[in-house]
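To keep things clear, I will list the structure first and then write my remarks on it.
None of the figures in this text is laboratory data; all of them are computed from the coordinates on show. For clarity, every value in this text was computed on a predicted model and none was experimentally measured.
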Amino acid sequence: MASAVAAAAAVLPGCVSDPDCGICDPENLILETIAASNYAGKQIYVLSPECEGAACPEPLTKAKFYVTDIGQCTESVAAMESPRGPEEWCKISPLLVGADGINFVFNNLLDAQSIELVRKKLDNPQLFEVYDW
C-alpha cells in the first residue's frame, strides 16, 4: 500500500488524488472565479477574470463556487437592480476585504502544501505562521 501511495505521489505532484478533481495539472492552473466583496460590501463572483495574451482560456458563462451554481455577475438580479448599474456592482472593492477575504477558484484541486509556506511571523520571529501564496 505504501508503495502505491508513493507512486501516486510521484505521478501527481501537488495534486489531490480525487476522481472529481477535474484537470489535475499544477502546470496548467486556470483562474476560473474570484469571490470578494464589492463596494456595497456584498459578496460577488467574477467569472473568467480578465486575461491578456494568446494562452487565455475561453470565458466561462457559468461555474460552481464550491457547491453554489453561479453565472456572470453583471447578469445577476442584484447587479441589474443596482442604482449604479451592473458594471459598478461587479467591481471588487480593495477596501472591503471582509471575514471571507478574497477567494480564488482554479480549475485544479491542489494539495494545500503545494501553495502553503510555513514561515516566521513578521511581527514576532519567535513564532511561525502559514503563508498561502
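Listing for the model above:
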read-out: Whichever lysines have a C-alpha closer than 30 Å to that of residue 62, once near sequence neighbours (fewer than 8 apart) are set aside; value: 42, 91
read-out: Residue-span extension gain [residue 129 to residue 84] - 0.36 nm each, minus C-alpha spacing; value: 12.1 nm
